[in-house]
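Scroll down for the structure; my scribbles are underneath it.
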Ligand SMILES: [Cu+2]
């Protein structure tokens, strides 16, 4: 029996392995929601069947109120029934759903409304039909300015980096997101055309990229590995192939990768 149970759980559990610090809390809340709401669904169906069978039984057709009362609809009895079968369950459900909503909102806000730590790595994510670009600020830790009219992917400037801005000279642009394990990263997510959805299932991260806005989300990848990055908004004919990946590597490997890309940029 336990083997069968494990098999069923493994078959229906569709989430990929989690590689982030906040992931277990998100997965835990999802499980909790599934179990609680699943039990409520079963309870509601059982009640429905019970009431249905009970009402149609011939012995129950002439139902009366409690002995001594004037009938089913005496006001004290009706009030009791109202509390027992309507108001109390309603209050209990309201409290339960409010609790679930507050727990979910707190988790959601922890990655967005609460600011990232000052030591967090800054990476800019840009969605453009049908590609993701990742920009690192380089050794000066400041992003150079970009101009929409300079955007020219075939010429090697997909983000429109302004060559006149010295702060952008050391910026590194990559089509793969590489992050060091164990360090918080603060992503500034934007779009150059339509709404895209930056989605990293293995990091439990999902945030829309909206033209004209920079949306921030921060998290800490913990387990080195390769994680798919997808677009979760239908953004045009090439939406399905708008994919890349996140490589979480040890800090030393990250530094090597960064310096190699920096040198490549300097040689251009
Ligand atoms: Cu897209």
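A few notes on this one:
- Computed FRET value (nearest 0.05) for residue 145 with residue 237, which takes r as the C-beta separation and R₀ as 41 Å: 0.85
- Take the Cβ atoms of residue 251 and residue 80, set R0 to 45 Å, and the FRET efficiency comes out at 0.10.
- Whole-number percent relative contact order across segment 121-267, with pairs defined as alpha carbons under 8 Å at least 6 apart: 25 percent
- Tilt relative to the chain, helix 251-267 - C-alpha long axis, 0 to 90 degrees, to 10: 40 degrees
- Report note on the peptides 248-258, 199-209, 130-140, 39-49: ranked by the mean count of other C-beta atoms within 10 Å, highest first, their order is 199-209, 130-140, 248-258, 39-49.
- When you work out D = kT/(6 pi eta Rh) for segment 121-267 at 37 °C and 0.692 mPa s, using the Kirkwood radius from C-alpha pairs as Rh and the Stokes-Einstein form, the result is 212 µm²/s.
- Rough spin-label spacing in nm, given labels placed 7 Å along Cα→Cβ, for residue 102 and residue 195: 3.0 nm
- Taking packing as the residue-averaged number of other Cβ atoms within 10 angstrom, the listed peptides 172-181, 228-237, 77-86 run from highest to lowest as 172-181, 228-237, 77-86.
- Degrees between helix 2-12 axis and first principal axis of the chain (Cα, 0 to 90, nearest 10): 60 degrees
- Each Cα pair of the chain feeds into the Kirkwood radius, which the Stokes-Einstein equation turns, at 4 °C and 1.567 mPa s, into a diffusion coefficient of 57 µm²/s.
- What the Cβ-Cβ distance of residue 21 and residue 49 gives, at R0 = 45 Å and to the nearest 0.05, is a FRET efficiency of 0.50.
- Between residue 93 and residue 216, the modelled labels are 4.0 nm apart [label points 7 Å from Cα along Cα→Cβ].
- Neighbour-count ranking [beta-carbon atoms within 10 angstrom, fewest first] of 220, 76: 76, 220
Every number in this text was worked out from the coordinates using simple rules, so none of it is lab data. Just so it is clear, the structure is predicted and the values come from calculations on it, not from any experiment. A quick note on method: Cβ atoms are made from the backbone with ideal geometry, for glycine too, and the neighbour counts reach across all protein chains shown.
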